[in-house]
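Chemist: The structure that follows is given in the form of structure tokens.
The values are calculated or read from the model by the stated rules, or taken from the named source; none is laboratory data. In this text, all values refer to a predicted model and were calculated from it rather than measured experimentally. Heads up, the Cβs are rebuilt from the backbone with ideal geometry, glycines too, and the neighbour counts pull from every protein chain shown. Note: areas computed on protein heavy atoms with side chains; ligands, DNA, RNA excluded. Shrake-Rupley method; radii C 1.70, N 1.55, O 1.52, S 1.80 Å.
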Amino acid sequence: MSSDGNKKQFWKRNAAKVPGSIQHVYGAQHPPFDPLLHANLIKAGNKPPPATPGKPKKATTFQEFESITSDAWDVGDDDDELLAMAAQNLNIEVVMETANKVIENHSKQQERQRQDDTIELEQKEEEEVAEGEEEEDEEDRLDEGEVTSTEVSFASQSSPYTDGRLVKSHSEAPIGSPKDAAGEHAALHRQRSLPHRPPVIPLVARMADQNTSGTPAMTEREASRLDKFKQLLAGPNTDLDELRKLSWSGIPRQVRPITWKLLSGYLPANAERRESVLQRKRQEYFGFIQQYYDSRNDEHHQDTYRQIHIDIPRMNPDFLVLEPKVTEIHIDIPRTNPLIPLFQQASVQEIFERILFIWAIRHPASGYVQGINDLVTPFFVVYVFEYIEEEVENFDVSSLQEEALRNIEADSFWCMSKLLDGIQDNYTFAQPGIQRKVKALEELVSRIDESVHRHMQHYEVEYLQFAFRWMNNLLMRELPLRCTIRLWDTYQAEPEGFSHFHLYVCAAFLVRWRKEILEEKDFQGLMILLQNLPTMHWGNEEVSVLLAEAYRLKFAFADAPNHYKR
């Protein structure tokens, strides 16, 4: 009994850590333990023992060592208290409060920085304008009548409030009272300090050459490119090498469906064989539907179908209530492009479910992996354009004929299968393809922009934490769908575009945000930025610059891999 009492006293008075002691884990999802915020986890009478100064006395003999550690694994009252405290669930309100505070503080910090930058820029521009006005005052006095008449005539012809143009100089501004002029002057500086963006850009651009100005009008150069495509496709045997060269800089919307089918290898280059191949492949796909789709609720396949069913219906919250047996595809369908009304339609979601389920059971080495659902959407949208002229975002696919819908579904399945054949190691067990590419991305960035690389290392940001999604979803979660379609024009034209060239696009994409990354001074800020990059207003101009930089990196590093190895 006395020995038990000694053990109890020793356990309570000794502050040294022993094997099996419960300690808090710090990290991205486990912030440092704060007694003020997590008071509910600490019992009233359970106070931490005071730290004893000095080093603990070392045991001089094995017997002494044994005597002071023999109770380390005993189960006693203290162990019960520790285990109960660890098992207690973390209060969800505390978790949400902490997360909201982090995001709110970060947002305020970013907003203050933006305001400071804007004020500083406006002050500089005002000084420049003031200097220019002083120099022009004498000339204005000499020829006041001429200047006034010029301004009046120009204002009558064009006002910045009638045509929505950005005012470029004072000579273009309408004449008004001094107060009005001052207000317009301030507005001018605000316009100059911010990038010119349209109020709304469609998520899926109508034209292949959609840019940030939102103007779908076809230029002379674009009309010439369209004619070149039509001439190339009209021949009895399409020159695929020439088609790839022409497609690298983007494919016009009118010929994109047939061009994608040719470049992906779904259709033959010989024009006479195309119709028969289309009929055979479409019949083959619907043969798979008849043969396998009814087995989706079988015990062997229900987990796969459930994940697909969830991923696709998260496009529509009404589909979140699942049947008990309906089990991976069913989960992912609703997550597919939830902001685009097209993908909230029940008939579209059913098409996606069939495509993904048939692909999964025909590829047992990988099966269905969350994220593959995203890879169907560009093909589906492009092949819908084959049958409609209006914008696709709000288009009701039920208005299409049944044969057209079946053709779109089958073509999307086969082209997605062709794409995945080249990157299937991204989705096999442990996803080794993605891990290799993320590691290669890290090595590449360390060579092309060491400052960015060291900055992320300093704040312990691992590339896998943000670039995994870039590889798994081919940047589809980072870019608007219109930009993804333009990006895939080049991927289809580039040899090993999806498997190899994508690495250099990701490197160029990361370095593109160099300024924003270096401005972030903590782990949370970097992760929020890298997972929510501001690309909503991107168009073809930005994607073309990104692809050009990626090609430069590929030219410099692809055939000389030792260049980016230390």
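Chemist: For segment 185-202, state whether one or more residues are modelled with pLDDT under 95, under 29 Å from the mean Cα position of the chain (by Cα) and over 30 Å from GLU122 (Cα atoms).
Modeler: yes
Chemist: Has segment 426-436 got at least one residue that is under 24 Å from LEU487 (Cα atoms), open to solvent by 30 Å² or more (accessible area, probe 1.4 Å) and not in a helix (DSSP H, G or I)?
Modeler: yes
Chemist: Here's another thing I want to ask about it. Going residue by residue through segment 528-535, is there one that turns out to be under 14 Å from the mean Cα position of the chain (by Cα), more than 17 Å from ARG469 (Cα to Cα) and in the same structural domain as GLU496 (by the TED database)?
Modeler: Checked segment 528-535: no residue is under 14 Å from the mean Cα position of the chain (by Cα), more than 17 Å from ARG469 (Cα to Cα) and in the same structural domain as GLU496 (by the TED database).
Chemist: Oh, and also: Among (1) under 22 Å from THR259 (Cα atoms); (2) in contact with a helix residue (DSSP H, G or I) (Cβ under 9 Å, 6 or more places away or on another chain); (3) buried (at least 18 other Cβ atoms within 10 Å of the Cβ); (4) not aliphatic (A, V, I, L, M), which single condition is PHE509 missing?
Modeler: (1)
Chemist: Test of understanding: among ARG406, ARG447, ARG362, which residue is surrounded by fewer than 20 Cβ atoms within 10 Å (Cβ to Cβ) and over 22 Å from LEU278 (Cα atoms)? Can you show your working first?
Modeler: Values: ARG406 fails: over 22 Å from LEU278 (Cα atoms); ARG362 fails: over 22 Å from LEU278 (Cα atoms).
Exactly one of ARG406, ARG447, ARG362 is surrounded by fewer than 20 Cβ atoms within 10 Å (Cβ to Cβ) and over 22 Å from LEU278 (Cα atoms), namely ARG447.
Chemist: Continuing with the same structure: Say whether the condition of being surrounded by fewer than 21 Cβ atoms within 10 Å (Cβ to Cβ) and hydrophobic (A, V, I, L, M, F, W, C) is met by at least one residue in segment 476-487. Before the answer, list the steps.
Modeler: If we filter segment 476-487 for residues that are surrounded by fewer than 21 Cβ atoms within 10 Å (Cβ to Cβ), which is where we start, we get 477-478.
After this cut, where a residue has to be hydrophobic (A, V, I, L, M, F, W, C) as well, the list is none.
The answer is no; no qualifying residue exists.
Chemist: Taking only pairs six or more apart or across chains, which ones have beta-carbon atoms under 7 Å, a first residue in segment 306-317 that is under 19 Å from GLU393 (Cβ atoms) and in a helix (DSSP H, G or I), and a second residue that is modelled with pLDDT of 75 or more and open to solvent by 30 Å² or more (accessible area, probe 1.4 Å)?
Modeler: Filtered contacts from segment 306-317: MET315/GLN344.
Chemist: Another one. Check GLU541 against each of (1) assigned to a helix (DSSP H, G or I); (2) of a type outside the set (Phe, Trp, Tyr); (3) touching a helix residue (DSSP H, G or I) at 6+ places or on another chain (Cβ under 8 Å); (4) more than 19 Å from LEU444 (Cα to Cα) and name the one condition it does not meet.
Modeler: Every listed condition holds for GLU541 apart from (3).
Chemist: For residues that are open to solvent by 60 Å² or more (accessible area, probe 1.4 Å) and polar (S, T, N, Q), scanning just segment 512-541, find the one that is farthest from TYR491 (Cα to Cα).
Modeler: Filtering segment 512-541 for residues that are open to solvent by 60 Å² or more (accessible area, probe 1.4 Å) and polar (S, T, N, Q), the one farthest from TYR491 (Cα to Cα) comes out as GLN524.
Residue-wise test of (1) in the same structural domain as GLU386 (by the TED database); (2) modelled with pLDDT of 95 or more.
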| position | (1), (2) |
| --- | --- |
| ARG221 | no, no |
| ALA234 | no, no |
| ARG244 | no, yes |
| LEU263 | no, yes |
| ARG282 | yes, yes |
| SER295 | yes, no |
| ASP298 | yes, no |
| THR304 | yes, no |
| PRO313 | yes, no |
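Chemist: Is it the case that LEU487 is at pLDDT 95 or above and farther than 19 Å from ILE448 by Cβ?
Modeler: Yes, satisfied.
This table checks each residue for (1) under 27 Å from PHE352 (Cβ atoms); (2) assigned to a loop (DSSP other than H, G, I, E, B); (3) open to solvent by 80 Å² or more (accessible area, probe 1.4 Å); (4) in contact with a Pro (Cβ under 8 Å, 6 or more places away or on another chain).
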{"residue": "GLN231", "(1), (2), (3), (4)": "no, no, yes, no"}
{"residue": "LYS245", "(1), (2), (3), (4)": "no, no, yes, no"}
{"residue": "ARG274", "(1), (2), (3), (4)": "yes, no, no, yes"}
{"residue": "ASP294", "(1), (2), (3), (4)": "yes, no, yes, no"}
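Chemist: Of all helices (runs of 4 or more DSSP H) completely enclosed by segment 476-529, which ones contain at least 1 residues that are among the β-branched types (Val, Ile, Thr) and under 16 Å from SER544 (Cβ atoms)? Lay out the reasoning, then the answer.
Modeler: Numbers: elements: 481-493, 502-512, 514-519.
Where helices (runs of 4 or more DSSP H) fall fully within segment 476-529 and carry at least 1 residues being among the β-branched types (Val, Ile, Thr) and under 16 Å from SER544 (Cβ atoms), they are 481-493, 502-512.
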